[in-house]
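Take a look at the structure set out below.
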Amino acid sequence: MKQDQQTAHPMLTWDEVQIQYRDEWVAFTEWEEDEHGDVIKGHVAYHHASRKVFYEHLKTNMRPRVRKIASRYTGNIKGPFFLGLCHD
């Protein structure tokens, strides 16, 4: 991201992200983590309420051009939880 874009879109704190993108999946291309690896603030590059649509967009539109992406869900996850990790 260019410097002028970073200034125009400052990093949001995790609390701000949770308010602005309530119950949505969010993708960060730049972020800061705490000592536990949790995102504490970052630039939201994409968001969507549907997990299926979100990950399809990451796979087809972002993954080819962005090497590092952090994705998080801002709501409460219900039911069985499975985390799939992809490595190059």
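Quick note: the coordinates plus some simple rules give every number you see, no bench work behind them. All figures in this text were calculated on a predicted structure; none of them were measured in a lab. Every residue, glycine among them, receives a Cβ derived from its backbone with ideal geometry; neighbour counts consider all protein chains shown.
Structure summary
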item	result
Under 14 Å, Cβ to Cβ, from residue 44 - net charge with Lys/Arg +1 and Asp/Glu -1	-2
Theoretical gain in end-to-end length, residue 30 to residue 11 [0.36 nm per residue, Cα-Cα removed]	6.0 nm
Within the range 36-76, backbone nitrogen closer than 13 Å to the virtual label 7 Å beyond the Cα of residue 23 toward Cβ	49-51, 74-76
